[in-house]
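Following: one structure in structure tokens, then a few remarks.
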Amino acid sequence: MKAAVLVFPGSNCDRDLAVALRQAGFDVKMVWHKDTELPSGVDVVGVPGGFSYGDYLRSGAIAARSPIIAALRRHALEGGYAIGICNGFQVLTETGLLPGVLMRNANLKFICRPVELEVATTNSDFTKGYEPGARVTFPVAHHDGNYVVPGDVLAALRGEDRVAFRYVEDLNGSVDRIAGVLSENRRVLGLMPHPERAADEALGGADGRALFAGLASLGVSA
Amino acid sequence: MKARVHIMLKTGVLDPQGEAVRHALGSLGFEGVSSVRQGKVIELELSETDPAKAEAEVARMCEALLANTVIERYDVELV
């Protein structure tokens, strides 16, 4: 299984994500934002957390217009898998591959701590390794994680079982306590909490491992 | 030609920063401010000399990058 992790100026979780993917068995390549092609045969693209372009204009907005994004878009439209974490989620909403917007946290604070999440659906390759309704703890570290989406889209997300993770308690003002959502084909996931920072017991928890293990068991490159 | 783009959150989208500014104004003793909405102003220097073309081009820039039309609306002003 092959994974590519995109790297933007200001990404700071790219290596953590690569470590978590490698631990799950992926052959991981780092891909610079100015590249125009993904490595051939990539199964999963990771869009990492950080502060790409210093959050100028809007979080994720400039990164979402960089050259590699056209390749990511083609990958996703062809049914490829992608995961965007934190700033990566913001980038995916800015590209339109996922619906909604991550606005400034309702309490205006930068929130940096482990939070409890509910796995809201196990019907995806990202979440199939969890028990239905499972509670997991992932760290969050964001200023712009307040998920906002038009009412009709929210209804579609709920109706199509596309909410992947919910905060157990309201954290940042997100509508319906949404922490992560899936694309229509369930192969693109965006989430604000950091599963890659919860992939090793030695680093304070391993609840994130099942997510990467689920992706690694796709077998789509066979 | 210069264009000025005003970007504001759409009506009904909660603006937590504007709310914080409203509270701060109240604590400074400014009374009677019932609402504060915060937005962005972006100024562009354009080589285009035809106002209609310039306005259309800037509108395309707004749709492509400058505004996130899920939550923001924009106005283009040529100055």
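What follows draws every value from the coordinates through simple rules; no lab data is involved. Every value quoted in this text rests on a predicted model; they were computed, and no experiment measured them. In this analysis, Cβ positions are derived from the backbone assuming ideal geometry, glycine residues included, and neighbour counts consider all displayed protein chains.
Observations
- Every residue from the range B:25-73 that is touching a residue at least 60 places away in the same chain (Cβ under 8 Å) and more than 13 Å from every other protein chain (Cβ to nearest Cβ): B:73
- Applying the condition of being among the hydrophobic types (A, V, I, L, M, F, W, C) and touching a Phe, Trp or Tyr at 6+ places or on another chain (Cβ under 9 Å) to the range A:111-129 and asking which residue is farthest from residue A:172 (Cα to Cα) yields A:126.
- The residues of the range A:20-41 that are among the hydrophobic types (A, V, I, L, M, F, W, C) and under 24 Å from residue A:59 (Cβ atoms), listed by number, are A:20, A:21, A:30, A:31, A:32, A:38.
- Some residue of the range A:65-84 being of a type outside the set (Val, Ile, Thr), within 11 Å of chain B (Cβ to nearest Cβ) and under 21 Å from residue B:9 (Cβ atoms): no
- Looking only at residues in the range A:51-95 that are hydroxyl-bearing (Ser, Thr, Tyr) and touching a Pro at 6+ places or on another chain (Cβ under 8 Å), the one that is surrounded by the fewest Cβ atoms within 10 Å (Cβ to Cβ) is A:53.
- Index of the failed condition, residue A:169 passing every other in (1) buried (at least 18 other Cβ atoms within 10 Å of the Cβ); (2) over 16 Å from the mean Cα position of the chain (by Cα): (1)
- Scanning the range A:125-156 for residues that are touching a Pro at 6+ places or on another chain (Cβ under 7 Å) and either within 14 Å of another protein chain (Cβ to nearest Cβ) or assigned to a helix (DSSP H, G or I) (or both) turns up A:149, A:153.
- Residue satisfying all of: in the range A:131-151; within 16 Å of residue A:174 (Cα to Cα) and more than 19 Å from the chain's Cα centre (by Cα); surrounded by the most Cβ atoms within 10 Å (Cβ to Cβ) among these: A:150
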